Structure formats: structure tokens, C-alpha cells
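Structure provided below as C-alpha cells; questions to follow.
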Amino acid sequence: MQVLPRIQNGEVQTLCRMCDSRCGIRVRIQNGVLTDILPAENVPVNQGRICPRSKAALQVFYHPDRLTRPLKRRSDGGFEAIELPRALDEIAERLQAVKDAHGPQALGAWKGEAVGFQQQEAYVRRFVHALGSPNYFSNDSACFIGRDLGYRLVTGFGMQIPDFSRSGLILLIGTNTPVCHPPFMRELADARAGGAKLVVVDPRLNPIGCLADIYAQPIPGTDGAFAWGLINQLIQKDAFDIEIVSRYAVGFDRVADYAKAFTPQHVEDQSGILASVVERTAEYLMANRPHVSVFCGAGVEHNEGGVNAVRAYVILSCLCGAVDLHGGLFWAESPQLADLSLGDVPLQSDCDPIGARQFPVLHAMGRECHSMTAMDHILGVDGYPLRGLIMTAANPAVTNPNTQKVRKALDALDIFVVNDFFLTATARHAHYVLPAATYLERTELHVFSKFQRLALTRRVARVAGVMDEYTLWRELALRLGFGDTYFGWPDEADVNRFLLVGTGIALEDLQTHPEGIAYLPLKERKYRTRPFPTPSGKLEFTSAYLKALGLDELPVYRSPQYRRACSPDYPFLLTTGGRKTLLYHSCHQNIPGFREIHTEAEVEIHPEDAAALKVQNGDYVRISSTTGSVEIRARIVHQSELRPGVVEVYHGWEDRPVNLVTPDRVNDPISGFPLLKGIPVQIEHIPS
Ligand code: SF4
């Protein structure tokens, strides 16, 4: 691998992209070799701290298995290296052939997370739009957008992570902060040092739960009941923000009426959370409002009623008056960046975005197609055929539900192109695999809405033969005849300059301020002088928009399906989707040091269940659902970590994907998200 570093010796400050936190880092270079990653002190997100995952960027960069040349699948299923220009020519030719035969909607593009999160998403959106197809996909249609919709439907603005340091009470639901958002631990520690209370609600006792004043362990899928129980307490005790409710919200009377049924005892019956815990948590809320941070993690959205549960928690924040406050729900303002994604430009062709009929809110508000429905289109069982797909650094053969179906679908494509660092489980199904650039090999803009700052990442090095994301899409666009129109900028630096035109911030200023530049002063309670960005201009405790679509006007709670129709054939509940300390979804399993910590796939099981099944630590068990089965080692956890009857498996293992078991057809009706918490399963001991 030929590395062309930006400098031969010294340090380059940029942002870590090994997760979405984007901490400030300094990359050390010695004699042309990238040798270390150190924290940057001057970036507000992390203030001089980084987590162990950050260092893995160098191991990915220099990994012996890293792809540096394109691969083409042979007829025997193996791969052979080909030259980059030839690979791009052949890919463009085959994409054009699909477009000519079936129309542009038969093509789609999918952005994963391994390459990063922000500007490269806009490149993919721009490319697919210029192609004439509405079919933009990403992993967000199974993770994140569900929560964002919950916040957006009530407030009009998307989900922000609160500034915990300003809170008197922090209520975390379905999130494992030290692992999912390490930088926020400092804010949390500051708040705790100032006397803030901490309440953690999660079916899995995670490290953050061990630090809490109250840890509540609900039955999976019942978060909404707890939210309504807290709403009930605030209303019953007249302890809510009367100004917010009377001047800035619609639907309070309906909320008050519906909440009456959620007495502490009813919440206990539904969720397993003790009535006394409901009452004590409500007392904390009442004592600390409006300085309360209520934060929903992915654990809440991966349920049949996930969006409604998030909406209920957002309403709870509103009742506390924690609206447009840094410690609560914060309505961040955006910089005036140019729109690279062509989101406002209507498509020339009259075609149907995949999944928009089934899940119109996901498409209208999340602006993307439903990746689970895409598999049906590929397999010809729902709507028009999807025949060609370009995917950049996603791994749905591991991370999407119903693995068998996903693999069958990927194999059925006429043309499947993957751009990634490694020959992943998904890339092995591709006709062409292109070598992807790591974040250290590109420069792009980043918006930190919580701080209203704009920052620029720097290219630390180039790798010979590897294209950055912009060049990839530009080269394909040029070959398909729309490069000059839509990808006319010669390189990323010119794209960045174009994006910044309306912001009043020059590229050169960002280059000399790697810590970022504030684009607008932070201002609280803006709703007093301007309407909320909702259809009514107010906080929407009830949604006329959802009602018109035949969806729940009020975020009602429904008991999970497994409780309504319990099957003796599947007596256990599987939860998945939680994170590991060093792994990131399906990434980093090939980093040797990390594998010493996270050695292999395992199912976590309660000691009582293990005893009943005669399972010892390390034994193999078979987990089966109505979708499929997987064989996996058992790890018996402490009795307080899980409820009896609940088992947990990490979702990213390439060799034993738990998504062989997860269904793709049990969806939240608003977001289309799959059920990943509380899947009924059978567990059998496999005798050695
Ligand atoms: S939390 Fe860790 S992996 Fe994520 S951006 Fe910060 S240093 Fe990188």
C-alpha cells in the first residue's frame, strides 16, 4: 500500500469518525507513517478525551486485509483484481443497461456508516437523484430515524442530545451512554457532581445503570407505558408547565384524558416497573423541572410502538417545560449551507420511492426509502423490480433483519456494487467491490448543531489507487453522462467552498480553525418569538398529520404483540441492537486487540433460564424464531443484568448474525422500523 501523507512529520488536527460523536483528534505522523491518534483539547465535543475505538482508525488504515484495488466477481464466485478505470467503465455500463431496460427506479444507492455520516450522505443522495431514481437507502431506516421522527412529530425539530451538564435530572431510556456516546460522560459527571439525579430505564442493566439513583428494568417493548405513567403523575399533581401547555401546545386535553388510565399500578402491570419507582421518578421530575434531560436511545425505537413511545417521552419533556433549553429539548438552528442532496428538486421521472406507500412518514420526514421493503422489490414480490444497487460501506447481510432473505435478495441483483474497506459479508455478494477511503483520506464539513458550530475535517493522507467518496460518485456520474451537470467540482475542496457560500464562513477560516467556528449564537426559548416548525406552529401532543394518514393522532401505548398473543413455542424474548464497548455495528471484528476483549458471538442469558435449560457457561444453544435460527455460545450473566426469560445478542457478528432470527415484517407503523427488542424465540441446548 502506497501512502502519501499530508506531512512527513508532525500532527494534523481533524475529527474522529469512528462513531457519530466526531471527537477532536490529532493524528501524529513520523517519517511519513501515521503513528498515533491523540485527543484535541480545543474541541467542545470531547474537550481533550477520546475513547479506545479512536485508535482503531490507524489499524483500519494499515490493515493487511484492507482493499486497495477493485475486485470483480468471477463466474466461479471468487474475485479477481482489476484496474480502477476498467472497473468504473464496466459498472457504469451495467448500471446504464439496467436503466435502459427497466427505468431509473430499478436502480438504488445505499449509504452505510463505516465511511462516515454527513457529506457522503449528500453525495449518495445527489447521485441517485441525478440518475433519476427516488431510491436512496441508508441504515437510518432501521436505526435513528424512528427516534428523530418521534421528536420531530411533536416539536418540529429533530432529535438533539441534551447538554446533560445543565440538568438537575437526567432520565435515560434505552441507551448505554458510556458505550454509545462516550463524550457525554463528562457532561454527565459534571451534572452528578452538581447534585443531579440520574434515572436509567433499560431491560439490560448496563454500566450507566449501575451509577443511577434509580435503575428500572422494564419488560421489553413497554417503554411507552412508563412515559404515560410519568405524564399521569405530573398532570394529576398539577405539576406541569402551564405556559407551554396553554400557549404553545395542541392536544393537551386529549393527553390528560388518555393519561388517566396510567396509574402507577397500571404501569407496573404493563411494564414490570414498580409503582413506587414510577412515583419516585415523577417526584424527581417535579422537583427539577424545567432542568430535566429526557433522552431516548435506540432501545426505544426498535419496537412495534417505538415512535409513539418516543413521542410520549417528548411530551413529558414539554410538560416539564424543558423546551428549547440546552439541558432539555433544544431547537438547534442550522447554518445556511447549500443543499448538495438536491432534496428540493423534483425528479424528472414519475416513480414510486420504495417503502413510501407502506411507511409514508419515514419517506416524507426522513427523506429516505425503506431498506427492508427494498428486499421485496429485488425479489419481485412487492412493486416494481429493483435490479441494481450501489452500496457504500453498509453491511446489511449482517445488520438488517432477516439475514437469509437479505442474502437471497443481494444475490438476485443484476448489478451489485459495494464500496468498502474490506471484503465484508455483504461485499462477498457483490459483482464489483471498490476500495473505500477512510475518513483520514478526505476533507468535509461537519455541523455540530448542539454547539451550533461548523468544522472541517482534514485529509491526513492519501492511499494510491483509493478514491475518496466524492471522486467515486463523480467518476461514475461522468461515465453515466451527468457528471458535468451534477458533479462539476473537480474535488472535495471545491465542493466545500460551494457549500459554504451562504454561511459567511470561508473555507480558509475553517482550515485555520480545526476546532470549528460558531455559525450562530446559541439562543434559548426561541418559540416565544417564532412558531414551532410543525404544521400547526405549536407543539403537537396530537398530530393531525398522522391522523390524516390513518395513524395514531395521540401517541397511544399498546402492549407488545408477544404479550397480546403469547406462543408457548417461543417462550423467551430476544433483544438485540445494543452496542459493545469496542465494536461498532459490524465493524472492527478484524482488529486483533479488540477481539481479545470481544472474542466471539454469545447470547447473554439469566442464570435461572440457563439452569432450566441445563446450559453451562460457554455451551452452544440454538435460538429459533418464526424467521430462522442461529447457533451461538451462551454466557450466563448476573441475575440483575437481565430479567428471567429475556436474552440478548449483539447484532454485528459476521460469523453468527443474530439477524437470522429477527423478523423484517413486524414494523412500527410510523417509522417502518423492525422489531429488535422482544422477539419471541425458542432456545435449545446443543449437547457437546
Ligand atoms: S467517541 Fe470514540 S470513536 Fe466516537 S468519535 Fe469520539 S473518540 Fe472517536
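Gln47 passes all but one of (1) open to solvent by 70 Å² or more (accessible area, probe 1.4 Å); (2) more than 12 Å from the ligand (Cβ to nearest atom); which number fails?
(2)
When Glu608 is evaluated against the numbered criteria (1) of a type outside the set (Gly, Ala, Ser); (2) at pLDDT 95 or above; (3) under 23 Å from the mean Cα position of the chain (by Cα), which criterion, by number, is the only one it fails?
Condition (3) is where Glu608 drops out.
Looking at segment 669-688, which of the residues that are open to solvent by less than 20 Å² (accessible area, probe 1.4 Å) and touching a Leu at 6+ places or on another chain (Cβ under 8 Å) is farthest from His302 (Cα to Cα)?
Only one residue fits best here, namely Ile683.
Within segment 6-35, how many residues turn out to be away from the ligand (no atom under 13 Å from the Cβ) and either more than 19 Å from Glu441 (Cβ to Cβ) or free of Cβ contacts under 8 Å to residues at least 24 places away in the same chain (or both)?
Within segment 6-35, residues that are away from the ligand (no atom under 13 Å from the Cβ) and either more than 19 Å from Glu441 (Cβ to Cβ) or free of Cβ contacts under 8 Å to residues at least 24 places away in the same chain (or both) number 7.
A further question on this structure: Looking only at residues that are among the hydrophobic types (A, V, I, L, M, F, W, C) and over 17 Å from the mean Cα position of the chain (by Cα) in segment 125-156, which one is nearest to Ile315 (Cα to Cα)?
For segment 125-156, the residue satisfying everything is Val154.
When you check Val98 against the structure, is it within 16 Å of the ligand (Cβ to nearest atom) and buried (at least 16 other Cβ atoms within 10 Å of the Cβ), yes or no?
Taking the combined requirement at face value, the residue does not satisfy it.
Considering only helices (runs of 4 or more DSSP H) fully contained in segment 176-222, which possess at least 1 residues that are small (Gly, Ala, Ser)? Lay out the reasoning, then the answer.
Working: elements: 177-180, 184-193, 207-210.
Helices (runs of 4 or more DSSP H) meeting the threshold: 184-193, 207-210.
Suppose we keep only residues that are surrounded by fewer than 16 Cβ atoms within 10 Å (Cβ to Cβ) and among the aliphatic types (A, V, I, L, M) within segment 4-37. Which one would you say is farthest from Tyr62 (Cα to Cα)?
By that ranking, first place goes to Ile7.
Still on this structure, I have one more. Take Gly78 and tell me if it is within 14 Å of the ligand (Cβ to nearest atom) and either open to solvent by less than 40 Å² (accessible area, probe 1.4 Å) or touching a His at 6+ places or on another chain (Cβ under 7 Å) (or both).
In short, no.
Follow-up. Check segment 124-134 and report whether any residue there is surrounded by 19 or more Cβ atoms within 10 Å (Cβ to Cβ) and either of a type in the set (Asp, Glu) or assigned to a strand (DSSP E or B) (or both). Please lay out each step first, then the result.
Filtering segment 124-134 down to residues surrounded by 19 or more Cβ atoms within 10 Å (Cβ to Cβ) leaves 124-131, 133-134.
Still in the list and also either of a type in the set (Asp, Glu) or assigned to a strand (DSSP E or B) (or both): none.
Checking segment 124-134: not a single residue is surrounded by 19 or more Cβ atoms within 10 Å (Cβ to Cβ) and either of a type in the set (Asp, Glu) or assigned to a strand (DSSP E or B) (or both).
Here is a further query. Test Arg186 against the criterion of being in contact with a strand residue (DSSP E or B) (Cβ under 9 Å, 6 or more places away or on another chain), among the basic types (Lys, Arg) and more than 16 Å from Asp20 (Cα to Cα), and give yes or no.
Criteria not met by Arg186.
Residues in segment 101-117: is at least one part of a loop (DSSP other than H, G, I, E, B), open to solvent by less than 10 Å² (accessible area, probe 1.4 Å), away from the ligand (no atom under 16 Å from the Cβ) and modelled with pLDDT of 95 or more?
No.
It is to be established whether one or more residues within segment 384-391 are out of contact with any Phe, Trp or Tyr (no Cβ under 7 Å at 6 or more places or on another chain) and either free of Cβ contacts under 8 Å to residues at least 40 places away in the same chain or over 24 Å from Val98 (Cβ atoms) (or both).
No, that holds for no residue.
Follow-up. Mind counting the residues in segment 413-429 that are polar (S, T, N, Q) and open to solvent by 10 Å² or more (accessible area, probe 1.4 Å)?
1
Here's something else I'd like to know. Which of the numbered conditions does Ala81 fail, given that it passes all the others? Conditions: (1) farther than 25 Å from Val3 by Cβ; (2) of a type in the set (Gly, Ala, Ser); (3) free of Cβ contacts under 8 Å to residues at least 40 places away in the same chain.
All conditions pass for Ala81, except number (1).
All but one of (1) in contact with a Gly (Cβ under 6 Å, 6 or more places away or on another chain); (2) open to solvent by 20 Å² or more (accessible area, probe 1.4 Å); (3) within 16 Å of the ligand (Cβ to nearest atom) hold for Asp163; state the number of the condition that does not hold.
Failing condition for Asp163: (3).
May I pose another question? Return only the number of the condition from (1) within 28 Å of Thr424 (Cβ to Cβ); (2) open to solvent by 60 Å² or more (accessible area, probe 1.4 Å); (3) charged (D, E, K, R) that Glu648 does not satisfy.
The single condition Glu648 does not satisfy is (2).
Sort out which residues of segment 444-472 are closer than 30 Å to Leu520 by Cβ and not in a strand (DSSP E or B), and write them in order of number.
Within segment 444-472, Glu444, Ser449, Lys450, Phe451, Gln452, Thr457, Arg458, Arg459, Val460, Asp468, Glu469, Tyr470 qualify.
Of the numbered conditions (1) open to solvent by 10 Å² or more (accessible area, probe 1.4 Å); (2) closer than 18 Å to Gln160 by Cβ; (3) not charged (D, E, K, R), Val345 fails exactly one; give the number of that condition.
(2)
Between a first residue in segment 401-428 that is touching a residue at least 60 places away in the same chain (Cβ under 8 Å) and a second residue that is open to solvent by less than 10 Å² (accessible area, probe 1.4 Å) and among the aromatic types (Phe, Trp, Tyr), which pairs have beta carbons less than 7 Å apart while being 6 or more apart in sequence or on different chains?
Val417/Tyr432
Any chance segment 1-15 includes a residue that's within 19 Å of Leu454 (Cα to Cα) and within 24 Å of the chain's Cα centre (by Cα)?
Yes: segment 1-15 contains one or more residues that are within 19 Å of Leu454 (Cα to Cα) and within 24 Å of the chain's Cα centre (by Cα).
Shifting gears a bit: Test each condition in (1) open to solvent by 70 Å² or more (accessible area, probe 1.4 Å); (2) within 30 Å of Thr177 (Cα to Cα); (3) more than 16 Å from the ligand (Cβ to nearest atom); (4) not small (Gly, Ala, Ser) for Gln59 and report the one that comes out false.
Against the list (1) open to solvent by 70 Å² or more (accessible area, probe 1.4 Å); (2) within 30 Å of Thr177 (Cα to Cα); (3) more than 16 Å from the ligand (Cβ to nearest atom); (4) not small (Gly, Ala, Ser), Gln59 comes up short only on (3).
Have a look at Arg564, Arg474 and point out the one that is among the basic types (Lys, Arg) and under 28 Å from the mean Cα position of the chain (by Cα).
Arg474 is the lone residue from the list that is among the basic types (Lys, Arg) and under 28 Å from the mean Cα position of the chain (by Cα).
Here's another thing I want to ask about it. Answer yes or no: is there a residue in segment 168-177 that is open to solvent by less than 10 Å² (accessible area, probe 1.4 Å), in contact with a Lys or Arg (Cβ under 8 Å, 6 or more places away or on another chain) and in contact (Cβ under 8 Å) with a residue 40 or more places away in the chain.
For segment 168-177, residues open to solvent by less than 10 Å² (accessible area, probe 1.4 Å), in contact with a Lys or Arg (Cβ under 8 Å, 6 or more places away or on another chain) and in contact (Cβ under 8 Å) with a residue 40 or more places away in the chain: present.
The values are calculated or read from the model by the stated rules, or taken from the named source; none is laboratory data. This structure is a prediction, so every number in the text was calculated from the model and none was measured. Cβ sites come from the backbone with ideal geometry, for glycine too, and all protein chains shown count toward neighbours. The area values use the complete protein model at the heavy-atom level, side chains included, leaving out ligands, DNA and RNA. Shrake-Rupley method; radii C 1.70, N 1.55, O 1.52, S 1.80 Å.
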